Structure formats: C-alpha cells, structure tokens
Amino acid sequence: MATMRYLVDDVGKALEFYIDVLGFELVERYGPAIAIVRHRDMDLWLAGPISSAAKPMPDGRKPEPGGWNRVVIEVTDLAPRVAELKTTGAVFRNDVVDGPGGRQILVEDPSGNVLELFEPAH
C-alpha cells in the first residue's frame, strides 16, 4: 500500500472533495488537524494548517499546498468524470491531453493540490 501526504488549507473542505466528489473513503480523522482517506491501495493523509507537517522548517520555509507532484487516479471513463467534476465547480489546470499511454487531465482539490485523472489507452 502506498501513502502520500497533501497539505490542505481546510481538512473539512478537503474531505468533502475527496470523499463526495472523487469517491475516496474516510479511514480516520483527527479533528481539524489531519484526516486519512483511501482510494484502492493508496492512503492519502490530508494535513491541515495546525498539523505537525505544516510547521515551519528550521530555515523558516513554511510547507504549503498546491505543488505539481500529484496523485494519479486511473479511470476508465475520463470524459464523463470530467463532465461530472465540472458540475461541482472543480478547478482544472488544463484540458484533456492525449499521450502515447492514454489521456489525462489535472484537477485541483480545494487547497490547490493537483490530482491527475488518467485513462489508459485501450
């Protein structure tokens, strides 16, 4: 099983997005600090601003959400999933891109963390 951590601005809003919109399941929640959600064989730790993961580094840098590293979620129905996400007001960083291995699009969670929805080539 793989585990990733995303820093988020608001754990409650992140849970709504990951559970209600993307279909993750809640594994555990530790108040407003952190929650763990699961998609297939991957756990995603959603760490809020009061979590230990968000504390400043010794050199003063502060961890924050919204980078380009991303969780890849494989889907078999990219076009309908994109259409459904658009009805929720989801923010996309690009349009669907076709590549040699399949099609993909980048969608942001409420904190600006990016997820890739990927449909393998048939």
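Data overview
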item: Number of the condition not met by residue 87 [criteria: (1) more than 22 Å from residue 121 (Cβ to Cβ); (2) at pLDDT below 95]; result: (2)
item: Residue satisfying all of: in the range 6-46; in contact with a Phe, Trp or Tyr (Cβ under 7 Å, 6 or more places away or on another chain) and among the aliphatic types (A, V, I, L, M); surrounded by the most Cβ atoms within 10 Å (Cβ to Cβ) among these; result: 46
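The values are calculated or read from the model by the stated rules, or taken from the named source; none is laboratory data. Everything numeric here is computed off the predicted structure, so don't read it as measured data. Reconstructed Cβ throughout: ideal geometry from the backbone, glycine too, with neighbour counts over all protein chains shown.
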